[in-house]
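The structure appears right after this line, and notes come after that.
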């Protein structure tokens, strides 16, 4: 009597091993594989399944060109994002110079949107190991620009007016410089592989940025322990930081970079938002800039909250 199941058990692994590496089941992107193990959503708040192999590309697809194609894709994405960032800041420079928008509002809108747009651009980079370093070139370019103009080695009045409070070049070496350094840190350390970097940038850009705008306009009632901060500003930071964090997590989750148990995730994001808001409200701005304290505290709390 023939034993078809025994034969199949021998033939299938051999046949599978003859397939090209990027077509094997173990190397397919997450959205093309199925799993019956639903316990992963009960054990931890998220489960990231990285796309393996250098031939896969961003957005969960395949880069059939291979390593050279990945590098070309990343170089092109870097150039595109740098050009977009320059055009973005230049637009606000133009608007503030023409008095079409207040200088302080322009500064805060750049603070809110530039980091979020940078993070939103990550999926256009490939899935290669060096993609995060290509992406970090974007804030690194801005970092060098801030240092050059902050040391008055060159002059750019539009840049100074759009990102500083008092219009002094040396201000570029404080808050704005810390801001771009955090962008580099999150891209290199966390990238698209963890909710931690996403939440940290969302809190620094969306939460902290909106707190200043709302606080200046509606912050008549000050906090009892810090007269420089208001209830309106802190409340807006908590709400907007939470909403932006959840929105960006949904964005990356929808693209397949990690899977989330949303009930657990919402609870953890709310915790991070609350603690980051409390830290931002403390009277320590003279010692530690918000662009350092808010994202670093968010990283620590989110790392603990989303730990395996």
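The orientation-averaged projected area of the convex hull spanned by the Cα atoms of the range 125-217 comes to 6.9 nm². At q = 0.21 Å⁻¹, what log₁₀ I(q)/I(0) does a Debye calculation on the Cα points of the range 204-283 give, no solvent, two decimals? Cα-only, vacuum Debye calculation for the range 204-283: -0.86. Relative to the present Cα-Cα distance, how much length would full extension add between residue 263 and residue 282 at 0.36 nm per residue of separation? In short, 3.9 nm is gained.
Would you mind calculating the gained length between residue 228 and residue 161 on full extension (0.36 nm times residue separation, minus the Cα-Cα distance), in nm to one decimal? Value of the extension gain: 21.8 nm. The mean sequence distance of close C-alpha pairs (under 8 Å, at least 6 residues apart), as a share of the length of the range 55-191, puts its relative contact order at 30 percent. Modelled spin labels at residue 173 and residue 130, positioned 7 Å past Cα toward Cβ, are 3.3 nm from each other. Taking packing as the residue-averaged number of other Cβ atoms within 10 angstrom, the listed peptides 284-293, 115-124 run from highest to lowest as 115-124, 284-293. Computed from label points 7 Å out along Cα-Cβ, the spacing between residue 72 and residue 88 is 2.7 nm.
Once the chain from residue 307 to residue 274 is taken as fully extended at 0.36 nm per residue, the excess over their C-alpha distance is 10.0 nm. Compactness of the range 242-286, taken as the C-alpha radius of gyration over 2.2 N^0.38 Å, stands at 1.42. The label-point distance for residue 154 and residue 79, in a model that sets each label 7 Å from Cα toward Cβ, rounds to 1.9 nm.
Coordinate-derived values only; no laboratory data. Just so it is clear, the structure is predicted and the values come from calculations on it, not from any experiment. Note that each Cβ is placed from the backbone with ideal geometry, even for glycine, and that neighbours are counted across all protein chains shown.
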